[in-house]
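The values are calculated or read from the model by the stated rules, or taken from the named source; none is laboratory data. Since we're looking at a predicted model, the values are computed, not measured. Reconstructed Cβ throughout: ideal geometry from the backbone, glycine too, with neighbour counts over all protein chains shown.
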Amino acid sequence: MRYSMLFGKTTKDAPHDADSANARLLTQAGFISQLTAGVYTYLPLGLRVLTKIQAIVREEMNTLGAQEVLMPALHPKQLYEATGRWEEIDVMFKVDGAGGKEYGLSSTAEEVITPLVKEHVRSYRDFPVALYQIQDKFRNEPRAKSGLLRGREFSMKDLYSFHLTEEDFLEFYEKAKVAYLTVYLRCGLKAMIAAASGGVFTKKHSHEFQVPTEAGEDKIYINKETKEALNKEVVPESDWENTDTYDIVKSIEVGNIFPLECKFSNAFELKTQGSDGEMIDIIMGCYGIGPSRVMGSIVEVHHDEKGMIWPKAVAPYHVHLITLPAKEEEMTERIETTATSLIEEFEQAGIEVLWDDREEVRAGEKFADADLIGIPLRLVISQKTLTEDSVEWKERHESEARLVKLEDVGGQAQEWLSVPERLTSHE
Ligand code: ATP
Ligand code: MG
């Protein structure tokens with residue numbers, strides 16, 4: 001992709017309410033554009049990142065054995081009357097439709113998926129069922145803030161599972177935990193599992209996936225001895241300042257999984273007849289990840305004073321190629337043809353390149369833009385490098401650049417891409 005053609009360029013302006021690194025950097029680098037508080041457009045660079053995160057989530061959900069569906073976001077009110085949640089979900093956006101009908105915009109989807117499963121299963125042999133979707137959710141958050149971390153419209157992957165026995169549910173629940181941790185690791189985040197109370201759902205524990213970072217609005221309590229993590233709300237109030245027992249760290253909730261027991265299956269009379277003729281209540285679980293919040297969290301954890309530092313697996317492009325025009329036209333042409341053939345070689349090997357081909361822009365500005373955008377590998381082709389038949393190679397998290405021979409750069413880049421980075425925080 002030629003940077004000169006890319007829609008959404010870097011800008012020095014941060015949004016006036018940019019209260020977080022992710023809001024500021026993603027906006028300045030041309031990844032997102034705020035429509036109104038908590039509502040963003042993903043520009044081409046930002047959409048590439050979001051899509052890669054969603055693809056990782058999708059792969060891990062498929063590996064877990066779940067199947068993808070896409071449910072509507074417009075939910076008729078009467079579904080919520082069956083569960084009593086029309087008034088209970090205080091963040092639901094409510095919409096008046098034609099003919100006096102009322103709708104809620106999807107903030108979660110138990111009221112849609114439970115009747116859906118009831119309609120489509122025929123016998124106990126159809127269980128267990130695990131269905132997920134990746135869909136925008138709407139929540140009328142009293143205070144949208146911190147860029148992608150707390151939006152009013154945001155991307156969510158929501159998975160729901162349906163089981164005949166508690167045992168089967170628990171087995172799936174534990175596998176889902178592993179799948180979640182894998183998602184975060186692949187996205188460059190080290191998440192911890194924290195036990196939390198079940199909120200509106202259940203008296204039992206739910207589990208949150210928390211990424212420790214100063215930018216987080218949650219607090220987790222890590223028991224110094226057992227290393228077990230707890231959400232603040234399950235720690236007795238008398239222990240809230242107890243730093244002898246706990247390491248208390250700020251963190252972002254990037255995922256949450258809940259045992260739902262039979263709350264929704266009972267509300268919608270989802271039951272099945274077992275092999276012995278007895279009716280079986282269906283046990284449910286729900287499992288959420290916010291890909292857009294994950295994107296914001298990656299920026300919070302991986303940035304420095306110059307800009308973002310994307311992990312390879314979710315970077316908008318793998319390589320940021322900069323060409324610097326020379327004084328002589330002949331040399332400039334040679335730089336261009338070298339760049340073009342290098343890009344062709346890279347793209348055949350699956351290496352994605354953003355090429356800063358701008359002619360009117362000075363070198364310093366190109367380097368600053370590359371640092372801000374944060375693509376993990378920067379390559380420069382200039383008169384200076386070509387006199388050595390080389391390309392300048394610099395990884396975004398390193399301070400030193402080095403020269404790599406033109407004939408070796410393709411192979412080295414492939415090798416570089418195949419090695420996942422170590423999980424260090426750049427905070
Ligand atoms: P929070 O406590 O942060 O408000 P929640 O517990 O209400 O979140 P869940 O219902 O568990 O959120 O939603 C599942 C996941 O969706 C969360 O773990 C988070 O990753 C994401 N998410 C929830 N609310 C938002 C939001 N307003 N903006 C972006 N992502 C969100
Ligand atoms: Mg939650």
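Annotation note: Cβ proximity below 9 Å between a residue of the range 23-41 that is farther than 18 Å from Ser155 by Cβ and a residue that is part of a strand (DSSP E or B) and of a type outside the set (Gly, Ala, Ser) (sequence gap 6+ or interchain) occurs for Leu25/His303; Leu25/Met308; Ala29/Met308.
Determine whether Leu189 is more than 30 Å from Ala37 (Cβ to Cβ) and in the same structural domain as Val91 (by TED's automatic domain parsing). No, not satisfied.
On the stretch given as the range 231-262, residues that are touching a residue at least 24 places away in the same chain (Cβ under 8 Å), away from ligand 1 (no atom under 15 Å from the Cβ) and surrounded by 15 or more Cβ atoms within 10 Å (Cβ to Cβ) total 4. Taking residues in the range 154-178 that are of a type in the set (Phe, Trp, Tyr), and partners anywhere that are assigned to a helix (DSSP H, G or I), the pairs with Cβ atoms closer than 6 Å and at least 6 places apart or on different chains are Phe154/Ser292; Tyr160/Ile113; Phe162/Val117. In contact with a Cys (Cβ under 9 Å, 6 or more places away or on another chain), in contact (Cβ under 8 Å) with a residue 12 or more places away in the chain and within 16 Å of ligand 2 (Cβ to nearest atom) - does that describe any residue in the range 181-192? The answer is no, given that none of the residues of the range 181-192 is in contact with a Cys (Cβ under 9 Å, 6 or more places away or on another chain), in contact (Cβ under 8 Å) with a residue 12 or more places away in the chain and within 16 Å of ligand 2 (Cβ to nearest atom). Each residue in the range 1-51 was checked for being in a helix (DSSP H, G or I) and surrounded by fewer than 20 Cβ atoms within 10 Å (Cβ to Cβ), and 7 pass. Candidates are the residues of the range 107-137 that are within 16 Å of ligand 2 (Cβ to nearest atom) and in contact with a Ser or Thr (Cβ under 9 Å, 6 or more places away or on another chain); the one that is nearest to Val95 (Cα to Cα) is Lys137. Is it the case that some residue within the range 4-24 is more than 18 Å from Ala370 (Cβ to Cβ), within 16 Å of the chain's Cα centre (by Cα) and not aliphatic (A, V, I, L, M)? Checking the range 4-24: at least one residue is more than 18 Å from Ala370 (Cβ to Cβ), within 16 Å of the chain's Cα centre (by Cα) and not aliphatic (A, V, I, L, M).
Is there a residue in the range 58-74 that is closer than 30 Å to Met1 by Cα, assigned by TED's automatic domain parsing to the domain that holds Leu270 and touching a helix residue (DSSP H, G or I) at 6+ places or on another chain (Cβ under 7 Å)? Yes, the range 58-74 has at least one match. Check whether at least one residue in the range 269-286 is farther than 26 Å from Ile113 by Cβ, among the acidic types (Asp, Glu) and without any contact (Cβ under 8 Å) to a residue 12 or more places away in the chain, and report yes or no. Yes, the range 269-286 has at least one match.
Among the residues making up the range 52-66, those that are closer than 12 Å to Ala176 by Cα, out of contact with any Leu (no Cβ under 7 Å at 6 or more places or on another chain) and buried (at least 19 other Cβ atoms within 10 Å of the Cβ) are Val57, Glu60, Leu64.
Restricting attention to the range 211-228, report how many residues are of a type in the set (Asp, Glu) and not in a loop (DSSP other than H, G, I, E, B). Spell out how you get there, then give the answer.
Pass one, the range 211-228, residues of a type in the set (Asp, Glu): 214, 217-218, 225, 228.
Keeping just the survivors that are not in a loop (DSSP other than H, G, I, E, B) gives 218.
So the answer is 1.
Starting from residues that are buried (at least 23 other Cβ atoms within 10 Å of the Cβ) and part of a strand (DSSP E or B), keep the ones in the range 160-195 and report whichever is farthest from the chain's Cα centre (by Cα). Out of the qualifying residues, it is Phe162. Reported count of residues in the range 276-311, each being of a type outside the set (Lys, Arg) and under 11 Å from the mean Cα position of the chain (by Cα), is 10.
Listed here are the residues, each with its yes/no results for (1) within 15 Å of Tyr180 (Cα to Cα); (2) of a type in the set (A, V, I, L, M, F, W, C); (3) within 16 Å of ligand 2 (Cβ to nearest atom).
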| site | (1), (2), (3) |
| --- | --- |
| Asp247 | no, no, no |
| Phe258 | yes, yes, yes |
| Phe268 | no, yes, no |
| Asp281 | no, no, no |
| Cys286 | yes, yes, yes |
| Pro291 | yes, no, yes |
| Val294 | yes, yes, yes |
| Ile298 | no, yes, no |
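The condition (being crowded, with 16+ Cβ neighbours inside 10 Å and either within 29 Å of the chain's Cα centre (by Cα) or closer than 28 Å to Ile56 by Cβ (or both)) is satisfied by just one residue among Ala315, Ala339, Ala349, Ala326: Ala315. Among the conditions (1) within 16 Å of ligand 1 (Cβ to nearest atom); (2) hydrophobic (A, V, I, L, M, F, W, C); (3) at pLDDT 95 or above, the only one that Phe162 does not satisfy is (1).
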